[in-house]
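Everything below concerns the one structure shown next.
Derivation of every value follows stated rules applied to the coordinates shown; laboratory data play no part. None of these values were measured; they are calculated from a predicted model. Positions of Cβ are generated from backbone atoms using ideal geometry, with glycine treated the same way; all protein chains shown enter the neighbour counts.
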Amino acid sequence: MLEHGHRLTEGKQKVNGMNESVGLVFSVAGVLALAVPVLWMRHRAVHRQQLKVAFRRIIALRGLIYDVQVHRGRCHATLNGDESSRRIMLDARARIDRSAAEFRYMAYGLSELQRPLSAIDQWDRLKLRADSLPPAASFHQHTALIQDLLGLMERLIHKSHLGSRQAPEQRIAVSQWITVLRVAEMMGQVRAIGAGIASGGSCTGAQRLRLSYLLERLVSVRADLAALGLGNSSISAGITELMVSLKEQAMATDCTIDPSTYFESATRQINLWYAYFDEEVALAKRAWKLSDENDETVSAGSGCQISESQTKVDWNSKTDAKIRS
């Protein structure tokens, strides 16, 4: 009898142990069933925030690059005798100060960007002497700064991984955005040198040599535009127009073109490239379902502001992007 009772007790203990194990399994399963969706939603929210920050950084840096290019051109014209460019240069300088401060704040805490961010520190030094340097030195220091900023942009684009999702309407890969900005920079150099020539009234041998080199590069770029789907676009036509203008007017022995007229004409062609870049950014935001956010200004903080609704450009017609220089 005692042995039978002992066996019953052991059986009950085993059953109770099994019940406890089954209960524990179901409890864990229940916790996981609740936790996994919560963790997934949190992951999506964090990723969405990271994407929003990545877009904001790219947009802010794009505005900074644009304004430094404007400052370079107007500063070069001022140093060559065009005092009417000084006010526009100072306006651009104020925008750059704001944009630089904004971008530093956005990049705070990103250790991998601290060294590239030193490029922005160059601006603090350059602005103090930009309009007192010899024209060639001012031009080269501005250009070196812009090259460093473009390198920073390339790192940001690569680090963001925005290209892992692409809208059907996007004409180029995200990795090609930097190509668009580099072409705009080549045209920006042409604009600055041409503005200096127009302000001085003549083209020196050094200026002619530099322009010839840039024009050769633009010819090469124009040949590659088909890869970006722009072979017959207004952007391609804009490069041709700028080159013809330079050869016929700025590179002539006696330059009679008005500096502001030349600068604004060149700016219209450069702005087409920036409008193209801005539209691709807007399309990428839509691909990531971020186009409904409040921060819809594509180039916030810059002197070249286009909202998403304004970036629709007819790339097969001679359309000027309405952006102020």
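So here's what we get for this one:
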item: Ranked list, fewest to most other Cβ atoms within 10 Å of each Cβ, for M106, M153; result: M106, M153
item: Spacing of the two label points (7 Å from each Cα toward its C-beta) at A206 and A173, in nm; result: 4.1 nm
item: Sites E241 and E216 - FRET efficiency at Förster radius 25 Å, r taken between beta-carbons, to 0.05; result: 0.90
item: Total formal charge among the other residues, if their Cβ is under 10 angstrom from that of D82, Lys/Arg +1 and Asp/Glu -1; result: 0
item: Label-point gap, in nm, between V53 and R129 - each point 7 angstrom along Cα→Cβ; result: 3.7 nm
